[in-house]
Amino acid sequence: MSLIVEARNMNKKVKLGNDHELHILKDINLEIEEGEFVSVMGPSGSGKTTLLYNISGMDKVSSGSVKFKGSEITSLKEEQLARIRLNNMGFIFQDINLLKNLSLIDNVMFPALVSKGADKHAVNLKAKKLLKMTGIEKLANNTITQGSGGQLQRVAICRALINEPDIIFGDEPTGALDSKSTVEIMSILTEINRKGTTVILVTHDAKVAAKTERVLFMLDGNLVAQKKMSKFDRRYENSKNREESIMKWLIEHGF
Ligand SMILES: Nc1ncnc2c1ncn2[C@@H]1O[C@H](COP(=O)(O)OP(=O)(O)OP(=O)(O)O)[C@@H](O)[C@H]1O
């Protein structure tokens with residue numbers, strides 16, 4: 001197995017007024033293997049979103065190293081990072097951020113049409129396939145005002161997948177959804193992961209984390225613990241056991 005993300009002694013500090021500095025990420029060491037399904041949990045303000053932004057090159061670390069597929073990304077120019085994010089990474093956020101004046105399918109197609117010389121017909125076929133995979137092909141020509149939260153999050157997943165990324169980063173992708181939509185979105189992400197895409201997502205929900213194979217726990221800017229839950233481990237065969245065991249583990253580590 002090769003590493004898709006490797007962070008070494010990663011620190012993130014931001015300058016506040018009055019010469020104060022906030023140390024948000026503290027000497028983080030993290031490895032994510034290709035094909036893994038990982039979740040990040042921790043109290044509000046512990047640095048989960050900042051971790052996601054810094055390992056994906058959306059934000060610049062203050063010190064330390066971040067490698068994506070074996071190559072250092074901390075020294076890259078913004079234009080180079082943007083290209084990697086566009087071609088190799090997919091992003092799903094709690095705030096879905098679709099473009100209002102485009103239809104749902106046009107939103108999905110958008111990241112693929114940014115590249116010069118894109119074949120619009122091929123992109124359209126691919127977008128239709130993704131909408132079908134997520135069960136919303138009938139809504140392709142709707143506007144975003146006509147979709148429910150769960151439907152729009154599926155559109156966002158399709159948009160994240162259109163350029164066939166190696167990895168999907170999700171920042172509380174189910175945070176604004178009801179429990180039924182949460183289950184549906186998690187089964188789509190599980191299926192995407194089963195087909196080989198690495199997925200890492202931030203969540204406050206142990207039910208969501210229970211669908212992943214490894215949970216990272218952050219506390220006050222530190223990565224304090226991680227819990228692996230192999231599918232082959234009989235203790236974790238059903239999702240209720242997984243969820244309960246995550247809750248117990250989080251409490252043991254000071255959540
Ligand atoms: N650019 C910034 N400037 C100042 N403070 C920041 C900045 N980015 C993050 N912070 C602070 O750093 C801390 C960690 O933020 P972050 O959003 O990563 O936490 P989180 O664990 O994702 O929180 P939540 O669960 O509430 O989303 C918070 O106290 C936040 O206010």
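Check whether at least one residue in region 150-161 is within 16 Å of the ligand (Cβ to nearest atom) and within 26 Å of LEU51 (Cα to Cα), and report yes or no.
The answer is no, given that none of the residues of region 150-161 is within 16 Å of the ligand (Cβ to nearest atom) and within 26 Å of LEU51 (Cα to Cα).
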LEU76, sole failed condition from (1) among the aliphatic types (A, V, I, L, M); (2) under 21 Å from LEU201 (Cα atoms); (3) surrounded by 14 or more Cβ atoms within 10 Å (Cβ to Cβ); (4) out of contact with any Ser or Thr (no Cβ under 8 Å at 6 or more places or on another chain):
(2)
Checking the structure you have, find out if any residue of region 169-178 is modelled with pLDDT under 95 and aliphatic (A, V, I, L, M).
yes
How many of the residues in region 196-236 are more than 16 Å from the chain's Cα centre (by Cα), surrounded by fewer than 19 Cβ atoms within 10 Å (Cβ to Cβ), in contact (Cβ under 8 Å) with a residue 24 or more places away in the chain and part of a loop (DSSP other than H, G, I, E, B)?
1
Can you work out which of the residues in region 168-184 that are of a type in the set (A, V, I, L, M, F, W, C) and surrounded by fewer than 24 Cβ atoms within 10 Å (Cβ to Cβ) is farthest from the ligand (Cβ to nearest atom)?
VAL183
Identify all residues within region 30-51 that are over 13 Å from ASP220 (Cβ atoms) and within 8 Å of the ligand (Cβ to nearest atom); write none if there are none.
THR49
Within region 14-24, can one find any residue that is assigned to a strand (DSSP E or B), more than 17 Å from ILE167 (Cβ to Cβ) and away from the ligand (no atom under 16 Å from the Cβ)?
no
Inspect all residues belonging to region 13-31 and state whether any of them is closer than 24 Å to MET186 by Cα, among the charged types (D, E, K, R), in contact (Cβ under 8 Å) with a residue 60 or more places away in the chain and in contact with a Leu (Cβ under 7 Å, 6 or more places away or on another chain).
no
Exposed (fewer than 15 other Cβ atoms within 10 Å of the Cβ), at positive phi and within 16 Å of the ligand (Cβ to nearest atom) - does that describe any residue in region 52-73?
no
Log entry, pairs with first residue in region 36-55 being in contact (Cβ under 8 Å) with a residue 60 or more places away in the chain, second being assigned to a helix (DSSP H, G or I) and hydroxyl-bearing (Ser, Thr, Tyr), beta carbons closer than 8 Å, six or more apart or on different chains, reads PHE37/THR190
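The values are calculated or read from the model by the stated rules, or taken from the named source; none is laboratory data. Remember, predicted model here, so these are calculated numbers, not experimental data. Every residue, glycine among them, receives a Cβ derived from its backbone with ideal geometry; neighbour counts consider all protein chains shown.
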